[in-house]
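To keep things clear, I will list the structure first and then write my remarks on it.
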Amino acid sequence: MLGVSAAAQNSAAAWTLQDCIDYALQNNIQLKRQQAATQTAQVSVSEAKAAYLPSLSASVTQGINYRPYQESMGNFVNGGITSSSGSKTTESGNYGVNASWNVWNGGRRALTLKSNQKGAEIAALQEQTVANSLQEQIAGYYVQLLYMQEAERVNTELYRQDSIVCERGREMLRQGQISKADLAQLEAQVSGARYDIVNVRTQIANARKALEQLLELQPGTAVSIAAVPVADAQVLAAIPSREDAYAAALTSRPEIRGGELGIEQSEIQTSIARRGQLPSISLSAGVGDSHMTGGQNDFWKQMKTNLNVNGGLTVSIPILDNRQTKSAVERARINEETARLELADTKRQLYNSVTSYWLDATNAQEKFVAGQANVSSAQQSYDMIQEQFRMGLKNIQELLTSRASLLSARQSLLQDKYTAVLNRTLLEFYTGKRIEL
């Protein structure tokens, strides 16, 4: 597929975050629907432009008239010719070309074009809003997969260590240093570690499935994401201030500009409604001809005689329209106020999103710094207690408690690590930058 990298085309290869985004932007069904809405809005613009042109139509009518019980000659009028015919069957033809042109309709035509142009811009911005939301979701699932894959490696490592400790416990049981109950606890710890691995793999499968659905992959096609090394410096990179991020988002986010255009479009619709009180002027013209069989005159004589040309000027002045114009103006003003409220709500939601990303990124960074020291301390404690357990100086409960503290510390550190990266990345995305890890 054009524009998609080779890795994205080959499902067996590892997909980068950019591969996922590029593929989704070309294949996601929701985005394609919005693209179709944008195209429809462009058609409305073309239609409004064509309203400035006159309309032209042609008509051809061929008829036959049969009088089975006619006993005498009858008179028939065709155009300006009166004919007599004793034939029971007569044929006739009518031909015409008509044109009309709305010269002025109170300025509604120009305003309608302007409104439709605003509508096309709004549709394009809505398309970009859907694309942005799609990219945010993909980034979320991608980082979630990175986190869980690293969590799987941590759990696998602890499972390996638990297996070694359990084997040492069996040896200590044979030597009479621990009881069978102690060994059972060690074996239960190994089983629990194995369960943790299965559980995180299930979460990985679910997150991968959700990502594949966003990409609109064919059934049976799987995604394997590329491993992205995340250094501490990347985790602790500078976070934009909440105020700066919100100010930048107000100028770069398509939903804000779309809301502003929605207000402008609603104001135009109000002007269109007011113009319903103004008169309209239109011109019309036409050329017609006809003929009929059975008369004394031949076809060409009839066509020459019946040829007619007409033209006219129509001025339509609304006087009483059963409150239709007034009601339209009132509805348009209500729509104006609704558009302003929608923009205010969009800004509020945007501020909440920026604040949420900023708070999560800031807190995760602070917790990551503290978590590094916590993991180091927990690892040293566990290594020490593990060695003392082998020497018979520590009991099972102390070992298991230390192991649980280490697992909790490492999992928290991983979560803080990827939470900081994801939320800082999305915060920067709201300021107009690309999503990159």
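Here are some notes:
- Once the chain from GLN203 to LYS301 is taken as fully extended at 0.36 nm per residue, the excess over their C-alpha distance is 26.3 nm.
- Label-point gap, in nm, between VAL287 and ASP321 - each point 7 angstrom along Cα→Cβ: 3.6
- Rounded to 5, the percent of DSSP beta bridges in the chain classed as antiparallel: 95
- Relative contact order of the chain, taken over Cα pairs closer than 8 Å and 6 or more residues apart, is 23 percent.
- Its alpha carbons give segment 346-392 an Rg and a Dmax of 19.7, 64 Å.
- A protection proxy built from the mean count of other Cβ atoms within 10 Å ranks the segments 323-334, 307-318, most packed first, as 323-334, 307-318.
- Spin-label model, ARG194 to ALA50: label points 7 Å out along the Cα-to-beta-carbon direction sit 7.1 nm apart.
- Estimated FRET transfer efficiency (ALA210, SER412; beta-carbon r; R0 30 Å; 0.05): 0.80
- Segment 15-34 and segment 166-232: distance between their alpha carbon centers, rounded to Å: 31
- The listed residues ASP162, ASP196, once ranked by accessible area (1.4 Å probe) with the largest placed first, stand as ASP196, ASP162.
- Rg to Rh quotient for the chain, alpha carbon positions, Kirkwood Rh: 1.32
- Only alpha carbons enter this Debye calculation for segment 236-302, each as an equal point scatterer, and the log10 of I(q)/I(0) it gives at q = 0.20 Å⁻¹ is -0.95.
- Computed on the Cα trace of segment 160-307, the radius of gyration divided by the Kirkwood hydrodynamic radius gives Rg/Rh = 1.55.
- Convex hull volume per residue in cubic angstrom - Cα atoms of segment 103-183: 92
- Viscosity 1.567 mPa s, 4 °C: Kirkwood-radius Stokes-Einstein D of segment 304-380 over Cα pairs, µm²/s: 64
- Solvent exposure of the chain amounts to 55 Å² per residue of accessible area, where only protein heavy atoms count and the probe is 1.4 Å.
The values are calculated or read from the model by the stated rules, or taken from the named source; none is laboratory data. These numbers come from a predicted model, not from an experiment. Using ideal geometry, Cβ is built from the backbone for each residue, glycine included, and neighbour counts are taken over all protein chains shown. Note: accessible area is taken over every heavy atom of the protein model, side chains too, but ligands, DNA and RNA are not part of it. Shrake-Rupley method; radii C 1.70, N 1.55, O 1.52, S 1.80 Å.
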